[in-house]
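Encoded as structure tokens, the structure appears first; notes follow it.
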Amino acid sequence: MGIFTNLGLIAYYKYVGFFITSANSLLGLDSAIPSVVLPLGISFYTFTQVAYLVDACKGEVKNYDFLTYVLFISFFPQLIAGPLLLHNELIPQFKESKNFDLLPENLVKGLTWFCLGLAKKLLIADTVAVWVSPVFDHANQVSLLEAWIGALSYTLQLYFDFSGYSDMAIGLALMLNIHLPINFDSPYKATSMIDFWRRWHITLSRFLRDYLYIPLGGNRHGEIRRYINLFITMLLGGLWHGAGWTFVVWGGIHGIFLGVNHGWRKLGIKMPAILAWFITFNAVVLSWVFFRANSLQDAITLILAMLGTKKILIPNNYENLLQGLTFLGVKFTGNIPYWGDPKIILALLLGVTLLPNTQQIMKHFRSNWWWALGMSGIATLSLLSMNRVSEFLYFQF
């Protein structure tokens with residue numbers, strides 16, 4: 001009954017409009033769509049409560065008092081964008097008396113972690129965000145390179161936006177002497193789709209595995225059943241992200257990707273690491289198009305443009321450098337309305353595939369003047385950039 005109540009609430013607040021719209025379209029109805037205001041953070045605290053109930057049913061939950069339970073569910077650093085927490089990760093820390101003391105080391109380290117996350121969001125994600133919406137809002141008008149610039153910009157925006165939130169949550173909690181789990185581990189360095197989902201939104205992947213995939217049967221009933229369970233799990237994982245067919249299709253695509261990955265492993269054929277990374281990264285980029293697109297038709301249009309069905313336009317200032325590409329159909333023009341900055345995009349792509357991530361950087365943290373000056377500079381730049389319009393991607397989830 002508890003699970004039914006929680007899922008019923010999220011179904012109403014998040015999906016009632018989607019269900020009614022889909023029914024109207026499929027059955028030719030004209031049912032009114034109610035105006036529903038989405039409660040902040042409902043996706044995260046719903047999943048947290050469902051996991052708690054399942055663990056309680058298994059006898060894995062101690063007899064916690066109601067106040068402790070409420071604190072666990074509503075702990076503010078992770079409430080808006082995760083990570084998704086389990087009771088045995090957080091509640092025992094609430095009970096440790098030393099965590100009620102002011103620990104300067106945790107305060108400084110948490111503030112540093114927070115500043116790095118804030119910089120990811122404000123200095124990087126918001127910088128590339130301006131090249132995303134124009135492309136996805138004009139899917140029928142973009143050229144091949146514009147489509148790739150829009151897709152790669154969104155790939156970077158989503159990562160730095162969401163991992164920045166997670167870093168800020170980890171930093172806020174650490175200032176309160178609470179340790180939250182890592183939620184991202186350089187996902188764009190992955191060399192397979194299985195590897196990607198072990199690095200991207202790690203706590204969601206864990207939840208889907210432990211509370212959906214394994215209860216469905218996991219891999220215990222043969223290979224065919226395993227692929228079906230993977231597909232269903234990712235399909236529902238896609239629907240959790242948003243009330244729209246684009247999210248469902250995105251989840252289904254990743255379910256297929258994971259099935260293909262497991263099938264390839266069964267063959268025992270070793271692929272060169274660079275080729276495995278290239279295939280994985282491009283598969284992820286193409287799938288993000290469905291995740292961001294305004295409609296399935298727009299997503300398909302952009303995918304086709306990225307695969308070469310549209311003309312290749314390059315700004316005039318690149319003509320001297322790339323003149324030799326004209327035999328491929330490249331045209332140089334001064335009118336490319338949805339063109340971003342390839343140099344920034346390339347630099348960021350090299351950063352996410354070659355440079356250390358936040359937790360690797362924090363291993364070298366020292367409480368000294370050099371770190372203080374560096375973080376002060378980053379914090380100042382972040383605060384000065386807050387006069388820009390900022391898009392909070394994960395608030396919709």
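Here, each number is a calculation from the coordinates, and none is a lab measurement. From a predicted model like this one, the values you see are computed outputs, not experimental measurements. Counting neighbours? That spans all protein chains shown, and the Cβs are built from the backbone with ideal geometry, glycine included.
Points worth noting:
- Eigen-decomposition of the gyration tensor built on the alpha-carbon atoms of the stretch 2-74 gives equivalent ellipsoid semi-axes of 33, 13, 7 angstrom, largest listed first.
- Quotient of Cα Rg and 2.2 N^0.38 Å for the chain, N being how many residues it contains: 1.06
- Global form of the stretch 251-397, assessed from the alpha-carbon gyration tensor, a/c cut-off 1.5: oblate
- Checking every one of the GluC sites (Glu not before Pro) in the stretch 28-136 against DSSP loop status and a limit of 13 other Cβ atoms within 10 Å picks out 60, 96.
- Rounded, prolate or oblate (a/c below 1.5 giving rounded, otherwise prolate when a/b exceeds b/c) for the stretch 108-231 by Cα gyration tensor: oblate
- Selected from 29, 296, 174 as most flexible by GNM, with the chain as the system and alpha-carbon contacts under 10 Å: 29
- Simple rule: put +1 on each Lys or Arg Cβ and -1 on each Asp or Glu Cβ in the stretch 168-325, find the dipole, and look at 303, 219, 196; the Cα lying farthest toward the positive end is 219.
- Qualifying trypsin sites (Lys or Arg not before Pro) for the stretch 9-90 [loop in DSSP, other Cβ within 10 Å: at most 14]: 58, 62
- Think of the chain as having a plus end and a minus end, set by charges on the Cβ of Lys, Arg, Asp and Glu; of 277, 119, 320, 277 sits farthest toward the positive end of this dipole.
- Farthest towards the positive end of the charge dipole of the chain, among the residues 7, 66, 184, is the Cα of 184, using unit charges on the Cβ of Lys, Arg, Asp and Glu.
- Shape class for the stretch 17-120: oblate, because the ratio a/c of the largest to smallest gyration tensor axis (alpha-carbon atoms, square roots of eigenvalues) is 1.5 or more and b/c is at least a/b.
- Reachable lysines from residue 270, criterion Cα separation under 27 angstrom, eight or more residues apart if same chain: 189
- Rg/Rg_ref, the stretch 310-383, where Rg_ref = 2.2 N^0.38 Å and atoms are Cα: 1.77
- Estimated at 0.36 nm per residue, the fully extended path between residue 93 and residue 270 surpasses their Cα-Cα distance by 59.4 nm.
- For a paramagnetic label modelled on residue 383 (point 7 Å from Cα along Cα→Cβ), amide N atoms under 13 Å away belong, within the stretch 106-128, to 115.
- Cα-centred dipole magnitude for the chain, charges only on beta-carbon of K, R (+1) and D, E (-1), debye, nearest 20: 900 debye
- Peptide ranges 165-172, 286-293, 326-333 listed from the most packed, as the mean C-beta count within 10 angstrom indicates: 165-172, 286-293, 326-333
- Taking every C-alpha pair closer than 8 Å and separated by at least 6 residues, the mean separation divided by the residue count of the chain gives a relative contact order of 21 percent.
- Listed residues 93, 360, 297, most fluctuating in the chain (Gaussian network, C-alpha, under 10 Å): 360
- The relative contact order of the stretch 145-199, computed from alpha carbon pairs under 8 Å that lie at least 6 residues apart in sequence, is 21 percent.
- Each stretch of four or more DSSP H residues adds -39500 (n - 2.57); spread over every residue of the chain, this sum gives -19000 deg cm²/dmol at 222 nm.
- Here the dipole of the stretch 161-271 is about 520 debye; that uses its Cα centre as origin and unit charges on the Cβ of Lys and Arg (positive) and Asp and Glu (negative).
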